[in-house]
1. If I filter the range A:166-175 down to residues being more than 25 Å from residue A:236 (Cα to Cα) and in contact (Cβ under 8 Å) with a residue 12 or more places away in the chain, which single residue comes out as farthest from the other protein chains (Cβ to nearest Cβ)?
2. Within the range B:36-55, which residues are within 12 Å of DNA strand D (Cβ to nearest atom) and more than 31 Å from the chain's Cα centre (by Cα)?
3. Tell me which residues, restricted to the range B:211-234, are within 11 Å of chain A (Cβ to nearest Cβ), surrounded by fewer than 22 Cβ atoms within 10 Å (Cβ to Cβ) and among the charged types (D, E, K, R).
4. Tally time: how many residues in the range B:193-207 are open to solvent by 10 Å² or more (accessible area, probe 1.4 Å) and assigned to a helix (DSSP H, G or I)?
5. Might you let me know whether the range A:271-287 holds any residue that is buried (at least 16 other Cβ atoms within 10 Å of the Cβ) and assigned to a helix (DSSP H, G or I)?
6. Does the range A:123-138 hold any residues that are open to solvent by 30 Å² or more (accessible area, probe 1.4 Å) and either away from chain B (no Cβ under 14 Å) or within 20 Å of residue B:237 (Cβ to Cβ) (or both), and which are they?
7. Would you point out the residue of the range B:108-161, among those that are polar (S, T, N, Q) and at pLDDT 90 or above, that is nearest to residue B:217 (Cα to Cα)?
8. With respect to residue A:13, is the statement that it is under 25 Å from residue B:242 (Cβ atoms), open to solvent by less than 50 Å² (accessible area, probe 1.4 Å), within 14 Å of DNA strand C (Cβ to nearest atom) and modelled with pLDDT under 85 true?
Number of protein chains: 2
Amino acid sequence: MADEALSAGAVARRLGVAVTTLRTWHQRYGLGPSEHVPGHHRRYTPADLARLEIMRRLTGEGVAPAEAARWARQAPAVLPPDRLGLKARTSTVRDGGGTTIPVGRAGPVARGLARAAMRLDSVTIGRTIADALAADGVVATWEGLLRPVLAGIGERHAATAGLIEVEHLMSRCVSEALASVARAHPTTGPPRILLSCADEEQHSLPLEALAAALAESGVSYRMLGARVPVAALVEAINRTGPAAVVLWSHTRATAGPHQLSALLAVPRRPLLVLAAGPGWRADSLPAGVVRPVDLAEALSLAVAVRDSLDQSAAG
Amino acid sequence: MADEALSAGAVARRLGVAVTTLRTWHQRYGLGPSEHVPGHHRRYTPADLARLEIMRRLTGEGVAPAEAARWARQAPAVLPPDRLGLKARTSTVRDGGGTTIPVGRAGPVARGLARAAMRLDSVTIGRTIADALAADGVVATWEGLLRPVLAGIGERHAATAGLIEVEHLMSRCVSEALASVARAHPTTGPPRILLSCADEEQHSLPLEALAAALAESGVSYRMLGARVPVAALVEAINRTGPAAVVLWSHTRATAGPHQLSALLAVPRRPLLVLAAGPGWRADSLPAGVVRPVDLAEALSLAVAVRDSLDQSAAG
DNA sequence: TTTTCGACGCAGCAATCGACGCAACTCGTA
DNA sequence: TACGAGTTGCGTCGATTGCTGCGTCGAAAA
């Protein structure tokens, strides 16, 4: 029975692509309804839909659309492996553009992630990130996958004043994935490291990445999150007495050096104060503040603090 | 008791449609008298009439007739509230107390959670919440534990202008725990429900609770998160074509009714628009917007949408 | 006799069609 | 480093298709 014949709009909505894209896929790659009379409406059978699902999944993994279409066209025969070889494709295929997010040379996985983000496909986004985190760890995933894609979205958002919903969805998914890593790694001992955003600073994702990296290394920490006023931060330091404090500032507007000075002025000042993020200006930092250049350096510094504390406790 | 058997003309007059339309609805959509011998006159029972009422109301609200018919055909008892202003009751008085520890009578678990929050003890916070979620489910945990504690912290924060770091830490932990529930329950099918905060609205926790409850029920959704401008929300709706949209507003300042009007004005408007949260004023909502009073009602409405759509996809 | 039945057809409207073009990303080349 | 060629997703435009409510007609039911 042809009772379940979906219209073009219904299929587009289900896949998360535009109706025009479906038409383009049909005439460019031959990925259309099996029975279609030119001029008449397209009616997609479940088999046609399955083929399109493959197309969407492969492009979501970063495969070039032309090649993904080649796989999808011979759908019932052989499904390509889930995690296909990244560099396995022939050099005749070029990557194109379309309405996507610039990821530069970050690789096909990043491209697939960007595509999924544009489609607001949170399931694919979450799965992609989780796979990468499990395979490569927090630091590599952050530097090689998450930061490029997030930067691409941010750039595009700044340029076109759109894409806000994409940015939010992506942030949520990244945050969830990082939190999942943190939860999967039980930490030992009391938290001696305090993570906090600067006052009015809304971007906490890099700090969450650091938190996940710390958890991955078995270091326990305390995470305060975004938009922490100086008074609240000082209060938290007084209350918990951390050995190291990481203060994140994403933009220059939130990077008031007085916040760092306030940290150094508490009764029992932390051993180490890290000013992290691109907001801080190196020439205006108070003495005694360290400014890590990237996630890896911040992580190694924090781990060093933990080790030195262990050492002193043992000796 | 077939005491009330209405003829076709009587039903047509009562509904305000032509008699021929009733016949058309019968043979095109199967919306007719439950017992009808071809060639003989149609006799409509009250149950049949109720089904037709739903059909008429939905089409009157702009729903596509074929889809409205699918909804009406399998209308069990879960008909959505017909009118927005069914009672102007001001959603009861919430847990009143809250002078010392604003947890009120939420129970010892809530008191322990509040204490852990004051200590910035994220480990205990996370474990407490996770246990409660596993034991009682999302809805009960939200209403009985999380909402009271969060409300207490918020009240206290508003009163003393302190406790910001506690509030942030608690929010993060709750968010993580809810996300963990969502990840633990794989959902099937494409997401047809869109969750979003109103413009400038920063509180997304209740929406995340709804998301977790949906996941717990096996309903897939799309979560945009906090601070979604109207343009971005409309863009997302156009792109993904959801069947239901939930727009959360926590305070009156973020509850501009024009945002709801914008949702209803998109080319293919959602079947159901929910204005959730205490920000909305019942008397200023556009027609066709439903306002759930609590998490449970929002959940049941969303589930009803899912069921109706499943039916239509299968039929 | 009055009302309804099934069948057929028609006009309005939303969705879709094919064609075309634009903007943006990648990559090879100079 | 800059630039042109190759790709690709999707917006736009005028025309077409298909759904929908309802009027009409001869026959049958009440």
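The values are calculated or read from the model by the stated rules, or taken from the named source; none is laboratory data. Nothing here was measured: the structure is a model prediction, and the numbers come from that model. Neighbour counts are summed over all protein chains in view; Cβ atoms, including those assigned to glycine, are modelled from backbone coordinates with ideal geometry. Accessible surface areas use protein heavy atoms only, side chains included; no ligands, DNA or RNA. Shrake-Rupley method; radii C 1.70, N 1.55, O 1.52, S 1.80 Å.
1. Restricting attention to the range A:166-175, the residues satisfying the condition of being more than 25 Å from residue A:236 (Cα to Cα) are A:166-174.
With the extra rule that they be in contact (Cβ under 8 Å) with a residue 12 or more places away in the chain, the set shrinks to A:166-167, A:169-174.
Numbers: A:166: 8, A:167: 9, A:169: 6, A:170: 10, A:171: 7, A:172: 5, A:173: 9, A:174: 11 Å.
The qualifying residue farthest from the other protein chains (Cβ to nearest Cβ) is A:174.
2. Just the residues of the range B:36-55 that are within 12 Å of DNA strand D (Cβ to nearest atom), to begin with: B:36-43, B:52, B:55.
Of everything in the range B:36-55, those that are within 12 Å of DNA strand D (Cβ to nearest atom) and more than 31 Å from the chain's Cα centre (by Cα) turn out to be B:36, B:37, B:38, B:39, B:40, B:41, B:42, B:43.
3. B:227
4. At the first step, the residues of the range B:193-207 found to be open to solvent by 10 Å² or more (accessible area, probe 1.4 Å) are B:199-200, B:202-206.
When the remaining residues are screened for being assigned to a helix (DSSP H, G or I), the result is B:205-206.
Within the range B:193-207, residues that are open to solvent by 10 Å² or more (accessible area, probe 1.4 Å) and assigned to a helix (DSSP H, G or I) number 2.
5. No, because not a single residue in the range A:271-287 is buried (at least 16 other Cβ atoms within 10 Å of the Cβ) and assigned to a helix (DSSP H, G or I).
6. Taking the range A:123-138 first, the residues open to solvent by 30 Å² or more (accessible area, probe 1.4 Å) are A:123, A:127, A:130-131, A:134-136.
Once the filter is applied, which keeps residues that are open to solvent by 30 Å² or more (accessible area, probe 1.4 Å) and either away from chain B (no Cβ under 14 Å) or within 20 Å of residue B:237 (Cβ to Cβ) (or both), the range A:123-138 yields A:123, A:135, A:136.
7. First, pick out the residues of the range B:108-161 that are polar (S, T, N, Q): B:122, B:124, B:128, B:141, B:160.
So of that shortlist, the ones also at pLDDT 90 or above come out as B:128, B:141.
Numbers: B:128: 22, B:141: 15 Å.
Filtering first and then ranking leaves B:141.
8. Details: under 25 Å from residue B:242 (Cβ atoms): yes; open to solvent by less than 50 Å² (accessible area, probe 1.4 Å): yes; within 14 Å of DNA strand C (Cβ to nearest atom): yes; modelled with pLDDT under 85: yes.
Against the criterion (under 25 Å from residue B:242 (Cβ atoms), open to solvent by less than 50 Å² (accessible area, probe 1.4 Å), within 14 Å of DNA strand C (Cβ to nearest atom) and modelled with pLDDT under 85), residue A:13 qualifies.
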